[in-house]
Amino acid sequence: MSELSVKHLLGIKYLNLQDIELIFKTADNFKEIINRPIKKVPSLRDVTIANLFFENSTRTKLSFELAQKRLSADIINFSSSKSSVEKGETLLDTVNNILSMKVDMIVLRHPNPGAPILISEKISASIINAGDGSHEHPTQALLDSYSIRERLGDVKNKNVLIVGDVMHSRVALSNIYALQLQGANIMVCGPKTLIPKYLHKLGVKIEYNLLAALKWCDVVNMLRIQNERMKSSYFPSIREYKKHYGLTMSHLDLIENEIIVMHPGPINRGIEISSDVADSKYSIILDQVENGVAIRMAVIYLLAKKNTFKVE
């Protein structure tokens, strides 16, 4: 398989295993390139990409922008806080105005679930979902799986634990889809109020005791509390949450197996994860950040190739 089965990256649930393997193989090549003294390739020098971020973002936006620059693409950056959106312009009108400037690809982050899907049905350019509400965040899930594979050699049959605010997390849902597609076993852990009821239908294990869950897993992915998406209180206090679901070095000292610790960021140190764990030998958090550039380069390159732009 030399090309993706999809025109857009709207979510992991639209990919197949061959797509993921192709993205990882391509990312391997780009990771080697970005570790050279000269980190840039001319692959997309005739392609124009617009980054449309309707939500605040630091790491994801920078990672996409760096990936695009490494591929020599032309870039347009859009911020909704300084745009006609504040004057009442619709999302589709905004996108069509940008496309009229001969843009080939759009990276879209939006607070409303389904926004990238809606836009993909109305336009001809490729869409990459950089996070839509609490729905999906596909490139984050891809870089997470890639990082696990890099450290453990394979994802298949590994026990992966996702801890925290699963209900409001687009990272959790995309990871569940991606990991299960690759044959991993998934467990979630957190307060009952933050564990969606539909998860059992996806074949996901549920555990409410953090230590018991940690003893089961090979990998733990710690999620932050998504305060910006909460419309009510889901637990008594931050102190209470930290007591029951904050990962500390004492937890890791109590389990026999040596596990890998991940976090999609941004980290709230001292709440869902302690600083000594985040900075420990168990952590591959910075590896995730590095791998994010290679994965996003791979996705952008493969979508451009799929859509017959001039790709070198």
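Just so you know, all these numbers are worked out from the coordinates, no wet-lab data involved. This structure is a prediction, so every number in the text was calculated from the model and none was measured. A quick note on method: Cβ atoms are made from the backbone with ideal geometry, for glycine too, and the neighbour counts reach across all protein chains shown.
Of note:
- The stretch 147-293 shape via C-alpha gyration tensor axes, a/c threshold 1.5: rounded
- Taking amide hydrogens as placed 1.01 Å from N in the peptide plane, the amide H of Asn221 sits under 5 Å from those of Leu161, Ile162, Val163, Met262, each at least 5 positions away in sequence or on another chain.
- Around the amide H of Ser126, modelled in the peptide plane, lie the amide H atoms of Ile106, all under 5 Å away and 5 or more residues distant in sequence or on another chain.
- Span-like helix ranges in the chain, DSSP H, alpha carbon extent 18 angstrom or more, Kyte mean at least 0.0: 17-34, 285-306
- Modelled this way, with points 7 Å down the Cα-to-C-beta line, the labels at Leu118 and Ala212 are 4.2 nm from one another.
- Of Lys156/Lys243; Lys201/Lys281; Lys13/Lys215; Lys13/Lys242; Lys13/Lys61, those spanning more than 26 Å from alpha-carbon to alpha-carbon: Lys156/Lys243; Lys201/Lys281; Lys13/Lys215; Lys13/Lys242
- Across the stretch 192-204, rounded Karplus estimates of 3J(HN,Hα) from the backbone phi angles (6.51 cos²θ - 1.76 cosθ + 1.60, θ = phi - 60°) give 4, 6, 10, 10, x, 5, 6, 4, 5, 6, 8, x, 9 Hz, Gly and Pro being marked x.
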